[in-house]
Structure formats: structure tokens, C-alpha cells
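Trainee: First the structure, which I've put down as C-alpha cells, then a few questions once you've had a look.
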Amino acid sequence: MPEGISRAALARQLGLSRAAMSSIIADLLEMGLIRESESAPVSRGRSPILLKVNPDFGKVVGIDMGATHVGLILADFSAHILKAEEYPFDVSQGPLKCLREADLRLQAFLADTQVKLTDLLGIGVGVPGPVVAEVGGVVAPPIMPGWDNFHIQSYLEKLWDCPIVLGNDAELGALGEWAYGAGRNERHLLYVKVGYGIGAGLLLDGQIYRGASGCAGEIGHITIEENGPLCTCGNRGCLEALAGGRSIAERGRKAAQADPRSQLSSISAEQITALDVAMFARKGDIIAQEIVAQAGGYLGTALASLINIMNPGLIIIGGSISQMGDLFLEPVRQAAMRRSLPVFSNAVRIIAAYLGQRSAAIGAITQVLAWSAYRSLAQSK
Ligand SMILES: [Zn+2]
């Protein structure tokens, strides 16, 4: 609510009496979590006093550790972004090297902002693996070798002397897009992160759905082809092994060697990444376009099953591969629509992430802001 909301409107939205609302508002004002401001003057009578989140209550950082990049965002308490940066990163180097690198990046990131680590209310951290709250880390993560059962949360809390809120990157992507992106006001949405791997965040009935183990949404490991290529999880024919960035890059390398007519063969095969394949596809290279379209078709096939089961109103495709735009999204839509029942396909839209590469980092900000507000409320009781 950047423009603010009146007490009466808030009471209506929350279904509370004005008396109950007044007492809650008084507490929040006293704690400094929100503040009052006058709205634009109305033609007759007093202009209502509006309530806003107090941006100066404190600052937070969101960190999105992807397989091949790390994004950092500094925000005030109203989620206004003060600074954002992104750097290359290699999560397969294991926790000690990676977290040391994240530490150096964060220190350098904050150096010219006059914000110290000790000033922060908390840091939200997203990682590309199944996060289990009791571990404060990831369990058997397919694309994070060496991280199994490493206590990421407590390690970072000690390192930075600051509260850490850990989450799965795709789940945080769903949260970020729901709060500030393409998914506002949507109660049933899936956010699918297609990067090096593939994962999903599920928001069902207005709530993030985590399941019995706390890490639901690993759609990258749905079997698409029983005897398909080997996946990082050990199984064969998983969606991720057919449509993830790693598989797109591998196909690009093979095509570069096999077909000299393709523009892919203009760069050395071992260096080809998924983004190179995307670039040549956009430039009109038919072989690269086929690779991208085939990956999109596989993703759409997997999404059709999810559409039939979960009946979402919106599917948001994020992550670096989604930046290929309609070259990738159109085959996703076509396969998903063709293979799901009309009653469900008529209800769902499949669109690109509004926050682009920042969905998960903004989700990490959203989560740590909510956590900070709850903690402040709990401490005031
Ligand atoms: Zn797999």
C-alpha cells in the first residue's frame, strides 16, 4: 500500500470492527512499524488520515543464490529498493567457498551505502535446493553438490551476526511476484524458475504450499521420458534434464559440432551456454530455435499435469531462460493448453515474470520484512 490506506478501509479488508482495528493500529504506531500521513484534500469535510508502512523502521537485505549467479538487494521497510547488484556465482563450489564469496560480495555491496551489517533487521537468503526448516539448510539438493545438510542459516547468523531467513529460490520467486510482480491479487499461482535447474513455488488458496517435508515444488524432477537423459538427481528423463539451462546448453554444444550451418558453430562448442543458444535463437538461427522450442514443449507438458491437479489461475515463468521471451513461452503455452483439460486450461494464464531476474531476491526481501514485523510484534507483547 504505497499510497496508504484509511483505518476504515483496512477494517473492512480484514473484517474487523473499527474498535478492534483502532487498538491494533495504536500498537503498530507506537512501535513505529507504521505511520500516519494526510491524504490529498477532499472537496468537503476533513481528508482522512492514511496509514503507511514506516520505511524508516529498518533496512533488510535479500540475497538470491542461484546456480550460476548471486543477486543482492538492499531495501527499506516499505520494500523500496535502495540498491541492487548481480554477480556471477558457482553454487557447485560447495558451502564454504560459496558462503565466503557471498560474504565478500555483501561487504562490498554495503560498503558505499552507509548501511552496516549490524544495522540490518535481517537478511533473507534464497538457495536453489529443497530447504528444510529443521536443518536450516538443504537436504539432498540435486544441483548443490556438497551442501547436503549443511546448516546454512546458523552458519550465516554467526558470520554476519544478523537474523537470517532462509528459503528456496522458486518459493521466494512466487512470493516476490505475488507481493510486487505479476501475481498481485492472485490466490492460486505457480511460479516456475527455469534457470540452470527447474523448480516451482506454489501459492495455493493465498498461502505458500510447502508439503509434509517443507519443500514441495521440485517440478524439475517430474519424469517426462522414462528412459530419457540422466538427471543430476540420479533418475532418467526428468523435466530438468530435458528443459533446464544445463540441458539447453548441452544440446547447443552438440548442435554446434554436428551442424556447421548453425550459427552456434561460430563459437567454440565447450563454451556454449543456454544464454548463447537463446541469443542465436533470437537472431533467427533455426537449430537454436528448435532447441528452445523443444525445451518449452517439455515444460508445457509438465505444466499440463500441474494445471490438471492444482487448477491455478496464473503460472509465472521466471529465471534466466524465461528471458528468451515468446520463443520459449509460446511452446510452453501450446503444450500446456493442448494437454490439460479445458475446464482448467480456460482458467489459467501463462506469463513471464514481471520482476525478471529479481523475483527471488525480492521474495527474500518480502519474507524477511514479514518476519521482522512478526518478531517486533512478538517482542512488544
Ligand atoms: Zn531429476
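The values are calculated or read from the model by the stated rules, or taken from the named source; none is laboratory data. Since the model is a prediction, treat every value here as computed from it, not as a measurement. Positions of Cβ are backbone-derived with ideal geometry, glycine not excepted, and every protein chain shown enters the neighbour counts.
Trainee: I need the full set of residues from the stretch 337-354 which are within 12 Å of ASN308 (Cα to Cα) and aromatic (Phe, Trp, Tyr), in order please.
Mentor: Across the stretch 337-354, the qualifying residue is only PHE344.
Trainee: Sticking with this one: Which of the residues spanning the stretch 328-350 are out of contact with any helix residue (DSSP H, G or I) (no Cβ under 8 Å at 6 or more places or on another chain) and either assigned to a helix (DSSP H, G or I) or touching a residue at least 40 places away in the same chain (Cβ under 8 Å) (or both)?
Mentor: PRO342, VAL343
Trainee: Determine the pairs where a residue that is within 27 Å of ASN149 (Cα to Cα), located within the stretch 74-96, has a partner that is at pLDDT 95 or above and among the basic types (Lys, Arg) with Cβ atoms under 6 Å apart, the partner being 6 or more residues away or on another chain.
Mentor: As it stands, the answer is TYR87/ARG105, since those pairs meet every condition given.
Trainee: PRO95 versus (1) surrounded by 14 or more Cβ atoms within 10 Å (Cβ to Cβ); (2) under 23 Å from ILE362 (Cβ atoms); (3) at pLDDT 95 or above: which is the lone unmet condition?
Mentor: It is condition (2) that PRO95 fails.
Trainee: Is at least one residue of the stretch 206-216 aromatic (Phe, Trp, Tyr) and either under 21 Å from VAL91 (Cβ atoms) or buried (at least 22 other Cβ atoms within 10 Å of the Cβ) (or both)? If you could, list the steps in order and put the result at the bottom.
Mentor: Step one: list which residues in the stretch 206-216 are aromatic (Phe, Trp, Tyr), which gives 209.
Then drop every residue that is not either under 21 Å from VAL91 (Cβ atoms) or buried (at least 22 other Cβ atoms within 10 Å of the Cβ) (or both), which leaves none.
No, every residue in the stretch 206-216 fails to be aromatic (Phe, Trp, Tyr) and either under 21 Å from VAL91 (Cβ atoms) or buried (at least 22 other Cβ atoms within 10 Å of the Cβ) (or both).
Trainee: Would you point out the residue of the stretch 237-247, among those that are closer than 21 Å to ASP148 by Cβ and outside any helix (DSSP H, G or I), that is nearest to the ligand (Cβ to nearest atom)?
Mentor: Across the stretch 237-247, the extreme among qualifying residues is CYS238.
Trainee: Among GLY217, GLY234, GLY129, GLY199, which is outside the structural domain of ALA67 (by TED's automatic domain parsing), within 17 Å of the chain's Cα centre (by Cα) and outside any strand (DSSP E or B)?
Mentor: Every option except GLY217 fails the conditions.
Trainee: Quick one: THR223 ticks every box in (1) surrounded by 18 or more Cβ atoms within 10 Å (Cβ to Cβ); (2) of a type in the set (Ser, Thr, Tyr); (3) within 16 Å of the ligand (Cβ to nearest atom) bar one, so which box is it?
Mentor: THR223 satisfies all of (1) surrounded by 18 or more Cβ atoms within 10 Å (Cβ to Cβ); (2) of a type in the set (Ser, Thr, Tyr); (3) within 16 Å of the ligand (Cβ to nearest atom) except (1).
Trainee: Right, another one. For the stretch 158-175, check the following and say yes or no: at least one residue is assigned to a helix (DSSP H, G or I), more than 22 Å from the chain's Cα centre (by Cα) and surrounded by 18 or more Cβ atoms within 10 Å (Cβ to Cβ).
Mentor: yes
Trainee: Please count how many residues of the stretch 181-201 are more than 16 Å from the ligand (Cβ to nearest atom) and under 19 Å from VAL139 (Cα atoms).
Mentor: Number satisfying all stated conditions: 1.
Trainee: I would also like to ask the following. Report yes if some residue within the stretch 248-261 is within 16 Å of the ligand (Cβ to nearest atom) and surrounded by 24 or more Cβ atoms within 10 Å (Cβ to Cβ); otherwise report no.
Mentor: Yes: the stretch 248-261 contains one or more residues that are within 16 Å of the ligand (Cβ to nearest atom) and surrounded by 24 or more Cβ atoms within 10 Å (Cβ to Cβ).
Trainee: Another one. So which of GLU290, GLU270, GLU225, GLU250 is in a loop (DSSP other than H, G, I, E, B) and without any contact (Cβ under 8 Å) to a residue 24 or more places away in the chain?
Mentor: GLU225
Trainee: Going through the stretch 98-126 one residue at a time, which ones are of a type in the set (Val, Ile, Thr) and assigned to a loop (DSSP other than H, G, I, E, B)?
Mentor: THR113, VAL115
Trainee: Sort out which residues of the stretch 315-327 are of a type outside the set (Ser, Thr, Tyr) and either in a strand (DSSP E or B) or in contact (Cβ under 8 Å) with a residue 60 or more places away in the chain (or both), and write them in order of number.
Mentor: Answer for the stretch 315-327, where residues must be of a type outside the set (Ser, Thr, Tyr) and either in a strand (DSSP E or B) or in contact (Cβ under 8 Å) with a residue 60 or more places away in the chain (or both): ILE315, ILE316, ILE317, GLY318, GLY319, ILE321.
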